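The values are calculated or read from the model by the stated rules, or taken from the named source; none is laboratory data. Please read these numbers as outputs of a predicted model, since none were measured by experiment. Note that we place each Cβ from the backbone using ideal geometry, even for glycine, and neighbour counts take in every protein chain shown. Just so you know, the surface numbers come from the protein's heavy atoms only, side chains and all, with ligands and any DNA or RNA stripped out. Shrake-Rupley method; radii C 1.70, N 1.55, O 1.52, S 1.80 Å.
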Amino acid sequence: MSDEKHPFLHDLSKHRGSPSTVIVIFGASGDLTARKLIPALFNLSLDSLLPNDFYLFGFGRKTMSKEEFSELTVTSILEHSRRPLNQEVWARIQQNIFFETGDYDDLQAFKALHNKIQTIENNLGRNIQILFYVSTPPSVFKPILENLGKSGLASKHRGSPLASKIIVEKPFGRDLSSAKELNRIISKEFTEDQIYRIDHYLGKETVQDLLVLRFANSIFEPIWNLKYVEYVEITVAEDMGVAGRAGYYDQSGALRDMIQNHMMQLLSLVAMEPPISTKSEDIRDEKVKLLKAIQPLNLKLQGGDVVRGQYTEGLIHGDKVVGFREEKGINPHSWTETYVALCLNINNWRWNGVPFYMRSGKRMARRVSEIAVHFRPAPGSLFKESNKFDLAQNTLVIQIQPDEGTTLLLNSKVPGLETIIQPVKMHFRYATTFGSNTPEAYERLILDAIIGDSTLFIRGDETEVSWNLYSPILESWQSAKDHGIETYTAGSWGPVAADLLLAERKHAWRKPGF
Ligand code: BG6
């Protein structure tokens with residue numbers, strides 16, 4: 001069994017010999033590069049997981065020298081790395097850091113980049129793989145791709161294991177037609193196995209553990225279906241606001257920013273059928289099948305499946321914060337949603353009739369992401385008379401972040417002569433069991449792309465199926481901008497209408513947290 005084909009069975013010693021690689025970051029002076037990409041590369045280098053021959057090119061419109069870019073990488077490690085800077089380790093990488101200034105539509109700049117990579121290969125005396133990391137606004141995807149094609153960079157070493165690869169950051173399109181167009185443009189220059197559409201939620205430890213929890217434990221599979229599960233909640237709540245990204249966020253909103261991508265990944269892994277193997281294509285096939293089984297959403301205002309909201313001023317952890325429309329850089333008349341709650345129905349043998357509720361919002365009471373699987377009540381009334389309390393519903397809570405772990409809510413007898421039943425919790429916490437310094441999502445994902453493992457990346461058809469579900473919602477919001485948008489106070493758990501969404505179905509949101 002080849003390790004390359006069975007990525008979930010990572011054996012890191014094998015990756016220590018990964019192929020000589022050049023990473024070219026488009027958008028190298030941007031926020032993501034500083035906050036995530038450079039710290040991820042540093043942490044990989046600390047664990048000796050970068051290839052022995054590793055080169056980093058920043059590419060951007062800003063005029064910057066090799067030394068200035070190199071200095072920026074140090075600042076970014078100092079400010080954002082989970083582990084402190086080790087100067088000796090990073091100095092070895094810094095020898096091979098370069099910056100190429102150029103406009104994304106300037107073919108000459110791409111040719112110059114090609115020549116420099118060619119020189120590296122000549123000096124090394126062997127071929128090297130190129131990994132392009134596109135971390136720019138979507139408006140420049142097209143010229144970048146065209147110039148990668150025209151300069152010969154995209155097709156370099158095609159047909160060999162060292163063929164160029166491309167990582168594309170979200171947003172992957174704004175709706176179904178733009179996602180299709182993007183897929184079309186990329187696939188003109190790269191084949192599907194060269195394309196890595198990133199969703200950093202898939203790189204989170206707890207998200208990967210979902211597959212292990214479901215399929216490496218025999219107790220869950222028999223009860224993971226409509227017979228035993230009454231409903232499922234998926235919450236990704238953030239306490240922060242637009243955090244300096246007003247321009248992007250006002251054009252995006254919560255549905256595009258979180259629901260269509262991160263939340264759908266969580267949903268797919270929780271609800272998909274067991275894949276026949278851990279091979280990338282087998283897992284991705286199951287995810288697509290699941291997404292296709294989701295029913296179109298009912299967009300009616302009363303009794304529909306979707307609620308959207310926008311935060312107004314309030315208190316976050318006791319501090320006063322402004323409302324969305326008062327945020328710097330946000331249109332004071334904006335109708336952009338900062339919160340979405342949905343009820344999804346999956347029409348297949350496993351889940352038909354089991355509601356999957358999802359909600360995500362900015363400026364909510366606190367930062368927490370969790371999946372809660374609520375099991376049906378115990379049948380019969382054995383304890384009804386002796387019990388003064390309602391029996392709690394068994395619930396499995398998978399806490400994605402922070403304080404990662406899993407909790408099972410059970411009923412237990414309170415010790416004593418009287419029969420009193422009380423809910424109790426069985427906890428497993430990553431930090432207690434494994435220590436708290438787990439790799440960041442981007443470390444795992446960049447390493448996977450270097451070694452050519454696409455399991456934790458999104459396939460082209462997956463993006464389109466997901467947009468197919470959500471484009472009608474965006475269209476309806478577009479045609480009636482204020483139609484049914486609710487408000488919620490910053491620091492709350494979202495609009496009242498989101499509570500009604502569940503109440504109409506005789507359910508209620510859990511208060512997140514263990
Ligand atoms: C990003 C969104 O993709 O994910 C942000 O654009 C959001 O708006 C972020 O804050 C959340 O990621 P995490 O890892 O902090 O949950």
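Of all lysines in the structure, the ones whose alpha carbon falls short of 30 Å from that of residue 425, not counting any fewer than 8 places away in one chain, are 204, 227, 362, 384, 388, 413, 506, 511. What percentage of the solvent-accessible surface of the stretch 131-183, computed with a 1.4 Å probe over protein heavy atoms, is contributed by carbon and sulfur atoms? Carbon and sulfur atoms account for 59 percent of the accessible area of the stretch 131-183.
Per-residue extension of 0.36 nm, minus the Cα-Cα distance of residue 433 and residue 124, leaves a gain of 106.8 nm for this segment.
Assuming a ≥ b ≥ c are the square roots of the Cα gyration tensor eigenvalues, decide whether the stretch 143-285 counts as rounded (a/c under 1.5), prolate (otherwise, with a/b larger than b/c) or oblate. Oblate, since a/c reaches 1.5 and b/c is not below a/b. The portion of the accessible surface of the stretch 202-503 made up by carbon and sulfur, rounded to a whole percent, is 55 (1.4 Å probe; DNA, RNA and ligands excluded). For the stretch 202-503, the Stokes-Einstein estimate of translational diffusion at 25 °C and a viscosity of 0.890 mPa s comes to 117 µm²/s, using the Kirkwood hydrodynamic radius over alpha-carbon pairs. Inter-label distance, residue 505 to residue 461: 2.7 nm, where each label sits 7 Å from its Cα along the C-beta direction. With coordinates expressed along the principal axes, the C-alpha atoms belonging to the stretch 392-514 extend over 62, 47, 28 Å, beginning with the largest.
Remark: spin-label model distance residue 223-residue 349 equals 2.2 nm, labels positioned 7 Å along the Cα→Cβ axis.
Remark: the stretch 202-503 carries a charge dipole of roughly 460 debye about the Cα centre, counting +1 on each Lys and Arg Cβ and -1 on each Asp and Glu Cβ. Of all lysines in the structure, those lying under 18 Å Cα to Cα from residue 292, and not within fewer than 8 positions of it along the same chain, are 180. With semi-axes defined as the square roots of five times the eigenvalues of the C-alpha gyration tensor, the equivalent ellipsoid of the stretch 7-169 measures 23, 20, 15 Å, largest first. The order of the peptides 93-106, 455-468, 44-57 by mean Cβ neighbours within 10 Å, most packed first, is 455-468, 44-57, 93-106. Per residue, how many Å² of accessible area does the stretch 7-169 show with a 1.4 Å probe? Computed with neighbouring chains in place, this is 43 Å² per residue. Normalising by residue count, the chain has a Cα convex hull of 167 Å³ per residue. Each residue of the stretch 71-78 is assigned a 3J(HN,Hα), and the resulting list reads 5, 4, 5, 5, 4, 5, 5, 4 Hz, derived from the Karplus form 6.51 cos²θ - 1.76 cosθ + 1.60 (θ = phi - 60°), x at Gly and Pro.
Compared with the alpha-carbon gap, the fully stretched path from residue 320 to residue 248 is longer by 23.5 nm at 0.36 nm per residue. Reachable lysines from residue 287, Cα under 16 Å, same-chain residues fewer than 8 places away excluded? Correct list for residue 287: 279. Over the stretch 202-503, accessible surface divided per residue gives 44 Å², non-protein components excluded, 1.4 Å probe.
Over the chain, DSSP H runs of length four or greater, each weighted -39,500 (n - 2.57), average out per residue to a 222 nm ellipticity of -9500 deg cm²/dmol.
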